[in-house]
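Working notes for the structure below.
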There are 4 protein chains.
Amino acid sequence: MPKLAENTEVISRKPGRPRSEKARKAVIQSTLELLMSSGFNDLNIESVAARAGVGKATVYRWWPNKAELVIAAFISVVEEQLRFSSSGPFEKAIHDQMKNWVPVYRSPLGQVITTVIGAGQSEPEIMEAFRKYWVEPRRHEARESLRLAIKEGRIHSGLDPDTIIDLFYGPLYLRLLITNAPLTPAYVDLVFHTVIRGLRP
Amino acid sequence: MPKLAENTEVISRKPGRPRSEKARKAVIQSTLELLMSSGFNDLNIESVAARAGVGKATVYRWWPNKAELVIAAFISVVEEQLRFSSSGPFEKAIHDQMKNWVPVYRSPLGQVITTVIGAGQSEPEIMEAFRKYWVEPRRHEARESLRLAIKEGRIHSGLDPDTIIDLFYGPLYLRLLITNAPLTPAYVDLVFHTVIRGLRP
Amino acid sequence: MPKLAENTEVISRKPGRPRSEKARKAVIQSTLELLMSSGFNDLNIESVAARAGVGKATVYRWWPNKAELVIAAFISVVEEQLRFSSSGPFEKAIHDQMKNWVPVYRSPLGQVITTVIGAGQSEPEIMEAFRKYWVEPRRHEARESLRLAIKEGRIHSGLDPDTIIDLFYGPLYLRLLITNAPLTPAYVDLVFHTVIRGLRP
Amino acid sequence: MPKLAENTEVISRKPGRPRSEKARKAVIQSTLELLMSSGFNDLNIESVAARAGVGKATVYRWWPNKAELVIAAFISVVEEQLRFSSSGPFEKAIHDQMKNWVPVYRSPLGQVITTVIGAGQSEPEIMEAFRKYWVEPRRHEARESLRLAIKEGRIHSGLDPDTIIDLFYGPLYLRLLITNAPLTPAYVDLVFHTVIRGLRP
DNA sequence: CAATAATCGAGACGGTACGTCACGTCTTCTT
DNA sequence: AAGAAGACGTGACGTACCGTCTCGATTATTG
C-alpha cells in the first residue's frame with residue numbers, strides 16, 4: 001500500500017527503475033480473464049505472463065504464488081465493486097443488501113467468487129483473504145444495525161448478529177455453491193421473509 | 001449395462017484377466033488418505049499409485065482423470081456412511097438429521113467433503129456427483145416429511161420443501177465452507193429453532 | 001529340434017495340448033512383416049502378437065526375447081532361400097555366387113538382413129546367429145574350392161581362404177550397409193575381376 | 001544460418017537467457033559414455049539427462065530424438081579426432097591411412113562407430129550423418145590421389161576411385177561389423193597388397 | 001470316458017521410459 | 001533496479017510396451 005508515500009511531499013523512492021504500473025495491471029487483468037475461463041487449477045502463471053505480454057519473472061517478483069496472485073486479482077475487482085449502503089430499520093438494510101446480492105453473483109465477478117471459494121477450501125490464505133476483503137466489509141454494516149435491533153429488543157432473545165446473518169445468507173451460498181438451483185429475486189425474498197418471521201421476539 | 005448377461009443363467013465373463021479388486025481398493029484407499037492430507041490440487045496420481053503399490057497405468061485404466069478418481073473415492077466412503085433415518089413429525093426428523101450433521105463434518109469425512117465441494121467449483125462433474133451421492137439422498141427424507149407437513153397446513157404458505165431445507169442447512173454450510181466459526185451443537189440448535197419459528201403458519 | 005523324436009517309431013509326446021503350429025507360423029510371419037516395415041527398434045512384441053492374432057504370452061512362451069524372435073524369423077526365411085551351388089574352377093564358383101548376391105539383397109530379405117546386421121551390432125547373439133545361419137553356410141563352399149586352389153598354387157602365396165572371401169564380399173557389404181551407392185551387376189563384376197587379378201601368383 | 005548477423009558489426013544476440021554451453025557438453029559427454037557401455041537401444045534419454053545432471057527437457061529442447069543426439073555426440077567426438085594426411089604416391093597415402101585404421105577402431109571411438117553404423121541401418125539420418133562426417137572426409141583425400149593415378153595410367157582401366165576405395169576398406173568393415181575375426185595390422189597389409197596387385201594396369 | 005495337463009486368446013497387472021508441460025529460478029540484454 | 005525473453009533443473013503428466021499373471025476355453029495324453 002504505497003498510499004502514505006504518495007501523500008508525502010518528497011517521495012523517498014528506491015533507486016533503480018520503478019515498478020511498471022502497466023505491467024501490474026496487465027497481469028491482474030489477464031489473471032481475471034483466465035480465472036473466468038478456466039478455473040483455479042487450470043490457471044497457470046506461464047499463460048498469465050504470456051497473455052499479459054510480461055516476463056514470467058515479473059509475475060513472480062510481485063506475487064509469490066498463484067494464491068497471492070488470485071487474491072490480488074480478486075481484491076482489485078472487488079475494490080471496483082460499489083459497497084452497498086443503506087439506512088433505516090435493519091429489516092430494510094438487510095433486504096436491500098440481499099437484493100443486491102443476485103446481480104453481483106450473476107456477473108462475471110460471481111464466477112471469480114465461486115472459484116475463489118473453491119480454491120479457498122484447500123488454500124487457507126485464499127479463504128482468509130476472501131473473508132477479509134469480501135465477507136467482512138459486507139457483514140460489518142448488517143452486524144451494526146442488528147446489534148442495535150437486538151439491544152432494542154426487536155429480535156428474539158438468544159440470537160447474535162453473526163448467526164442471524166448466517167440465516168439470511170446461508171441459503172443463498174448454498175444455492176450458489178452446491179445446488180444448481182436458480183438464484184432468483186423471488187427466492188431471495190422468500191428466504192428473507194421467512195427468516196424475518198423467525199427472528200421476531 | 002450387462003443386462004443381457006444378467007438375464008442369462010450363466011454369467012458370461014469378459015475374456016482376459018479380470019480386474020483386481022485388491023488393486024481397486026488400494027487405489028481408493030490411498031486416494032482418500034492423500035485427499036485428507038493434501039487437498040485436491042496437491043493430490044497427484046503418481047503418489048496415489050505409489051502409495052497403493054500399484055502401477056500408474058492401472059489407475060488410468062479405470063479412472064480417466066483425477067476428478068473421476070476423487071468421485072469414486074468419495075462415493076465409496078459415502079456408501080459406508082450410515083444414512084440417518086428418523087420418524088415422527090417433520091420437526092423432529094429434521095432436528096435429528098441436523099444434530100447428526102456436526103460429528104459427520106468433524107470426522108475425516110468432513111475434510112473429504114469440503115475438498116470435494118472445493119474441487120467441484122471448478123469441475124462440474126465432481127459437484128454433480130456430490131449432489132447425487134451426498135446431498136440428494138439426505139434431502140430426500142426431509143423433503144418427504146416436509147411435503148406432508150405443507151399439505152397438512154402446518155407450514156407457512158408459499159414455501160416449498162427445498163427452500164425450507166436450504167434455510168436449515170444453508171447456515172451450516174456457510175460456517176463449514178466460508179466462516180471459520182465453530183460448528184457447535186448449540187449453533188445448530190439456534191439455527192433450527194429460529195427457522196422453525198419462521199416456518200409457522 | 002524334435003528331429004530325433006520324429007525319427008523314432010513311437011513318438012513319446014508330452015501330455016497336454018500340443019503347441020499350435022498355426023500360432024507359430026503366424027508369429028514368425030507377422031514378425032517378418034513388421035521387421036520389413038519398421039526396423040528392429042520399432043518392432044514390439046505387442047504388435048507382433050496382435051497382428052498374429054495371438055496372445056502375448058504365447059510369443060513369450062516360445063521366444064524369450066525380441067532378439068530370439070528376430071533370429072527365428074530370420075532363420076525361417078533363410079531356410080526357404082535356395083543355397084546356390086556351383087562346380088568348376090574357384091573363379092567361376094565365386095563369380096556365380098557373387099552374381100547371385102545382388103537380387104537377394106534387393107529382395108525383401110535384403111531389408112531383413114540389413115536390419116539383422118544392424119541389430120547385431122548391439123546384440124551379440126543376433127550377430128552370432130547371422131554368422132551361423134547365413135554367412136557360414138555360404139562361405140563354406142567358397143572356402144573349400146579356395147583351399148584347393150591354394151594347394152594347387154593357383155593363388156598368390158600368403159593368402160588364406162577367409163581373407164580372400166573378405167576381399168570379394170567386403171566391398172559388397174560396404175555398399176549395402178554404409179555407402180548408399182547402387183549395388184549393380186557391373187559393380188560386382190568390377191570387384192570380382194580386380195580381386196581375381198590381385199590373387200594371381 | 002545467422003549470416004545477416006555475422007555481416008553486421010555488432011552481433012545481435014537473441015533475447016532471453018542464452019543456451020548453457022556447460023549443459024550441452026555434459027549431455028554430449030554422458031551420451032558418449034552410455035553409448036560405449038550400452039549400445040543404441042539401451043541408451044535412454046532419461047539416463048543421459050540424469051548422468052549429465054541436466055533436466056530431461058533440456059535434452060529435448062536441443063535434440064528432438066535419440067538419433068539426433070547420437071549424431072551430435074558422434075560428430076563431437078569425430079571432430080576431435082585428427083584427420084590423417086599423407087603425401088607421396090597414392091600407394092603410400094592409402095597404406096598409411098589403412099594402417100591408421102586399426103588403432104582407431106580398437107579405441108572407444110570404434111565402439112561408438114559400430115553402434116552408429118548399427119543404428120544407422122534403421123535410422124537413415126544416422127547413416128547419412130555417419131557418411132557425411134566420417135566416411136566422406138576420409139574418402140576425399142584418397143579419392144584425389146587415386147584420380148591422379150588413374151589419369152597417369154598407373155591403375156588398371158575401368159576402375160573409378162570409389163570402387164577402389166571400397167576394395168581397400170570393404171574387407172576391413174566386414175571384419176569389424178560381421179565376422180568376429182581379429183583386425184590386425186597383418187590382415188590390413190594382406191588386404192592392401194592384394195588389392196594393389198589387382199589394380200596394376 | 002473321465003481326469004489331468006499344457007496350450008490357447010485375452011487382457012489386467014506392477015513397472016519403466018517416453019515426450020510434454022508448467023513450475024519457480026536463473027541469466028542475458030534493454031530500458 | 002526492473003523490464004521481456006527464454007533457458008535452466010525439477011517433477012508430474014498421460015501413454016506405450018515391457019514381461020508376468022490370471023482368467024475361461026480348448027485339445028491332447030493317461031488312468
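B:SER47: over 16 Å from B:PHE130 (Cα atoms) and polar (S, T, N, Q), yes or no? Reasoning before the result, please.
On the way: over 16 Å from B:PHE130 (Cα atoms): yes; polar (S, T, N, Q): yes.
Yes.
Under 11 Å from the mean Cα position of the chain (by Cα), farther than 27 Å from B:VAL188 by Cβ and free of Cβ contacts under 8 Å to residues at least 24 places away in the same chain, is that true of B:GLU128? When the stated conditions are applied, B:GLU128 passes them. Among the residues of the range C:185-201, the one identified as within 21 Å of the chain's Cα centre (by Cα) and surrounded by fewer than 20 Cβ atoms within 10 Å (Cβ to Cβ) is C:PRO185.
Among the residues making up the range A:1-35, those that are at pLDDT below 90, among the basic types (Lys, Arg) and within 13 Å of DNA strand E (Cβ to nearest atom) are A:ARG17, A:ARG19. Tallying residues that are within 8 Å of another protein chain (Cβ to nearest Cβ), closer than 23 Å to C:PRO182 by Cβ and not aromatic (Phe, Trp, Tyr) within the range D:165-201 yields 11.
Could you please find all residues in the range A:131-154 being surrounded by fewer than 22 Cβ atoms within 10 Å (Cβ to Cβ) and more than 20 Å from the chain's Cα centre (by Cα)? A:SER145, A:ARG147, A:LEU148, A:ALA149, A:ILE150, A:LYS151, A:GLU152, A:GLY153, A:ARG154, listed by residue number.
Each row is one residue, and each column tells you yes or no for (1) within 14 Å of chain A (Cβ to nearest Cβ); (2) under 18 Å from B:ALA119 (Cβ atoms); (3) loosely packed, with under 15 Cβ neighbours inside 10 Å; (4) more than 12 Å from DNA strand E (Cβ to nearest atom).
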position: B:SER37; (1), (2), (3), (4): yes, yes, yes, yes
position: B:ALA50; (1), (2), (3), (4): no, no, yes, no
position: B:ALA73; (1), (2), (3), (4): no, yes, no, yes
position: B:SER76; (1), (2), (3), (4): no, yes, no, yes
position: B:ALA93; (1), (2), (3), (4): no, no, no, yes
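If we scan the range A:52-62, do we find a residue that is more than 11 Å from DNA strand F (Cβ to nearest atom) and closer than 20 Å to A:VAL116 by Cβ? Scanning the range A:52-62 turns up no residue that is more than 11 Å from DNA strand F (Cβ to nearest atom) and closer than 20 Å to A:VAL116 by Cβ.
Among the candidates A:PRO201, A:PRO185, A:PRO103, the residue that is out of contact with any helix residue (DSSP H, G or I) (no Cβ under 8 Å at 6 or more places or on another chain), over 22 Å from A:LEU43 (Cα atoms) and touching a residue at least 40 places away in the same chain (Cβ under 8 Å) is uniquely A:PRO201. Has the range C:21-32 got any residue that is buried (at least 18 other Cβ atoms within 10 Å of the Cβ) and either within 14 Å of another protein chain (Cβ to nearest Cβ) or near DNA strand F (Cβ under 9 Å from one of its atoms) (or both)? No - not one qualifying residue is present in the range C:21-32.
Take the residues of the range A:104-125 that are within 12 Å of another protein chain (Cβ to nearest Cβ) and of a type in the set (Val, Ile, Thr): which is surrounded by the fewest Cβ atoms within 10 Å (Cβ to Cβ)? I'd like the intermediate steps shown before the answer.
Residues of the range A:104-125 within 12 Å of another protein chain (Cβ to nearest Cβ): A:110-124.
Filter once more, so that each one left must be of a type in the set (Val, Ile, Thr): A:112-117.
Details: A:VAL112: 20, A:ILE113: 22, A:THR114: 18, A:THR115: 22, A:VAL116: 25, A:ILE117: 21.
Ranking the qualifying residues of the range A:104-125, first place goes to A:THR114.
What are the residues in the range B:140-163 that are at the interface with chain A (Cβ under 9 Å from one of its Cβ atoms) and either under 28 Å from A:GLY120 (Cβ atoms) or of a type in the set (D, E, K, R) (or both), if any? Before you say what the answer is, go through the steps one by one.
First, the residues of the range B:140-163 that are at the interface with chain A (Cβ under 9 Å from one of its Cβ atoms): B:156, B:158-160, B:162-163.
Once the filter is applied, which keeps residues that are at the interface with chain A (Cβ under 9 Å from one of its Cβ atoms) and either under 28 Å from A:GLY120 (Cβ atoms) or of a type in the set (D, E, K, R) (or both), the range B:140-163 yields B:ASP160, B:ASP162, B:THR163.
B:TRP134 passes every criterion in (1) facing chain A (nearest Cβ under 10 Å); (2) free of Cβ contacts under 8 Å to residues at least 60 places away in the same chain; (3) not polar (S, T, N, Q) apart from (2).
When residues in the range A:63-81 are screened for being more than 13 Å from A:ALA26 (Cβ to Cβ) and more than 16 Å from DNA strand F (Cβ to nearest atom), 10 of them pass.
Selection over the range D:60-71 of residues that are among the basic types (Lys, Arg) and crowded, with 16+ Cβ neighbours inside 10 Å gives a count of 1.
For B:PRO182, the test of being loosely packed, with under 14 Cβ neighbours inside 10 Å, assigned to a helix (DSSP H, G or I) and either modelled with pLDDT of 95 or more or of a type outside the set (Asp, Glu) (or both) is failed.
Counting only helices (runs of 4 or more DSSP H) that sit completely within the range B:98-167, those holding 1 or more residues that are within 18 Å of B:LEU199 (Cα to Cα) and of a type in the set (Asp, Glu) correspond to B:136-151.
Among the residues of the range B:112-140, the ones that are in contact with a helix residue (DSSP H, G or I) (Cβ under 7 Å, 6 or more places away or on another chain) and of a type in the set (Asp, Glu) come to 2 in all. When the range C:78-97 is filtered for residues that are outside any helix (DSSP H, G or I) and under 15 Å from the mean Cα position of the chain (by Cα), the ones remaining, listed by number, are C:GLN81, C:LEU82, C:ARG83, C:PHE84.
The values are calculated or read from the model by the stated rules, or taken from the named source; none is laboratory data. Note that the structure is predicted; figures quoted are calculated from it, not measured. Every residue, glycine among them, receives a Cβ derived from its backbone with ideal geometry; neighbour counts consider all protein chains shown.
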